[in-house]
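The next block holds one structure in the form of structure tokens; read it before the comments.
Derivation of every value follows stated rules applied to the coordinates shown; laboratory data play no part. These numbers were taken from a predicted model, which means no experiment stands behind them. A quick note on method: Cβ atoms are made from the backbone with ideal geometry, for glycine too, and the neighbour counts reach across all protein chains shown.
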Amino acid sequence: MPIWLLVIVIVFGSILGFVFLWLTVAKIIRKLWRFPAPSYTGWFLDSGFRRTFQPPEKVIARSDINPGMKVLEIGCGSGAYTTFVARAVGGKGRVYALDIQPKMLRQLAAKLSKPENQDITNIKLIQASAYELPFEDSTLDLVCMVSVLYEIPDRHRALLEAHRVLKPSGILAVTEFFPDPDYPLRSTLVKQVTGAGFVDAKVLGNFWNYTARFIKPKESICL
Ligand SMILES: C[S@@+](CC[C@H](N)C(=O)[O-])C[C@H]1O[C@@H](n2cnc3c(N)ncnc32)[C@H](O)[C@@H]1O
């Protein structure tokens, strides 16, 4: 084997080995210990590099976010998708960007203060937990979560809250990305969300990067 080919094999092999090891170790740690993504990861979450693998246009189309909607983004973090959602719902819509960590919301506020985002006036930042959403029953058109649900220790409780605040026929859209240490298989996610009273599951995308969309039924039973 020529030396240059050997070098390429060693370099690519080492990178793949490192990524595999990181994912395995991170996934094991996260099974044992759940905590919100540290705020210092905000710069990476909101990077163009990350969005090349998880494009906002796809997340928005798969989530069925449309003009005029009242959308709650749970676990908005540093706002990697929030500005895109705000532009998708437009001037007649509203985005409630909610996160448990004030430091994440501060990063989003700084992003919104930049000149290129001065056209956005329809986002409200809210510091709260997914367990206690500060909304009346049946008031929102859509609730979305990107790489959030499996970071929350009591997912069933969070889903029941999302169900409560959605209008009948409202949409819950959950987006997941394989490299996230908390990534769930599609079948696991669908079972969990339908177990909280949502129906009509539609999973769009692929194994690597998907959005699962659900509906709150018109006639809901109390769970
Ligand atoms: C991995 S980050 C993803 C952030 C953003 N959705 C994105 O895709 O860039 C998960 C976010 O969920 C938030 N989070 C975790 N548990 C939460 C909870 N119980 N209630 C509200 N937000 C929570 C974290 O603070 C963090 O900002």
Per residue of region 81-97, what does 6.51 cos²θ - 1.76 cosθ + 1.60 with θ = phi - 60° give for ³J(HN,Hα)? Whole Hz please, x for Gly and Pro, Karplus curve as stated. 10, 4, 5, 5, 5, 4, 6, 5, 7, x, x, 8, x, 8, 10, 9, 9
Karplus 3J(HN,Hα) series, Hz, for region 25-30 with 6.51 cos²θ - 1.76 cosθ + 1.60 (x for Gly, Pro): 5, 4, 5, 5, 4, 5
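Return the calculated 222 nm mean residue ellipticity for the chain, to the nearest 500 deg cm²/dmol, obtained by summing -39500 (n - 2.57) across DSSP H runs with n ≥ 4 and dividing by the residue count.
Result for the chain, helices only: -12000 deg cm²/dmol.
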Amide H neighbours of Met69 under 5 Å, at least 5 residues apart or on other chains, H built in the peptide plane: list them. Arg94
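How would you rank Val143, Val25, Val89, Val71, going from fewest to most other Cβ atoms within 10 Å of each one's own Cβ?
On the way: Val143 29, Val25 11, Val89 22, Val71 26.
Lowest to highest Cβ neighbour count: Val25, Val89, Val71, Val143.
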At 0.890 mPa s and 25 °C, Stokes diffusion of region 1-133 via Kirkwood alpha-carbon radius, µm² per second: 143 µm²/s
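Can you tell me the equivalent ellipsoid semi-axes for the chain? Use √(5λ) from the Cα gyration tensor, largest first, whole Å.
On the way: eigenvalues 200, 93, 54 Å².
Each semi-axis is the square root of five times an eigenvalue, giving 32, 22, 16 Å.
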Cβ density ranking, 10 Å radius, fewest first, applied to Asp119, Asp141 yields Asp119, Asp141
Considering the options Met1, Ala162, Trp43, tell which one lies farthest towards the positive end of the dipole of the chain, charges being +1 on Lys and Arg and -1 on Asp and Glu at the Cβ, about the Cα centre. Met1
Would you pull out the residues with amide H under 5 Å of Leu172's amide H, same chain only if 5 or more places away, H placed 1.01 Å from N? Val143, Phe214, Ile215, Lys216
How many nm is it between the label spots at Asn66 and Lys92, if each spot is 7 Å from the Cα in line with the beta carbon? 1.1 nm
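Is there a pair in Lys70/Lys202; Lys114/Lys202; Lys111/Lys191 whose C-alpha atoms are over 32 Å apart, and which pairs would that be? Working shown, then result.
Numbers: Lys70/Lys202 21 Å; Lys114/Lys202 36 Å; Lys111/Lys191 36 Å.
As for pairs spanning more than 32 Å Cα to Cα, those are Lys114/Lys202; Lys111/Lys191.
Suppose R0 equals 25 Å. What FRET efficiency, 1/(1 + (r/R0)^6) with r the Cβ-Cβ distance, do Val25 and Tyr131 give to the nearest 0.05?
For Val25 and Tyr131, the calculated efficiency is 0.30.
Assuming 0.36 nm per residue, please report the length gained on full extension of the stretch Arg106 to Lys58 beyond their Cα-Cα distance. Before the final figure, lay out the partial values.
Working: separation 48, 0.36 × 48 = 17.28 nm, distance 2.61 nm.
Separation in residues times 0.36 nm, less the Cα-Cα distance, equals 14.7 nm.
Mind checking the full-extension length gain between Leu32 and Glu219? Use 0.36 nm per residue of separation minus the Cα-Cα distance, one decimal, nm. Could you put the intermediate results ahead of the total?
Numbers: separation 187, 0.36 × 187 = 67.32 nm, distance 3.74 nm.
Taking Leu32 through Glu219 to full extension adds about 63.6 nm, to one decimal.
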Vicinal HN-Hα couplings computed from phi for region 198-207 (Karplus, 6.51 cos²θ - 1.76 cosθ + 1.60; Hz; Gly/Pro x): 7, 10, 6, 5, 10, 9, 10, x, 10, 4
Between Leu125 and residues 5 or more places away or on another chain, which pairs have amide H atoms under 5 Å apart, with H built 1.01 Å from N, and which residues are they? Ala97
Rounded to the nearest Å, what's the spacing between the alpha carbon centres of region 9-63 and region 137-188? Just the number, please. 19 Å
Chymotrypsin sites (Phe, Trp or Tyr not before Pro) lying in DSSP loop within region 67-118, provided at most 16 other Cβ fall within 10 Å: none
Using alpha carbons only: equivalent-ellipsoid semi-axes of region 102-222, gyration tensor based, whole Å: 25, 19, 14
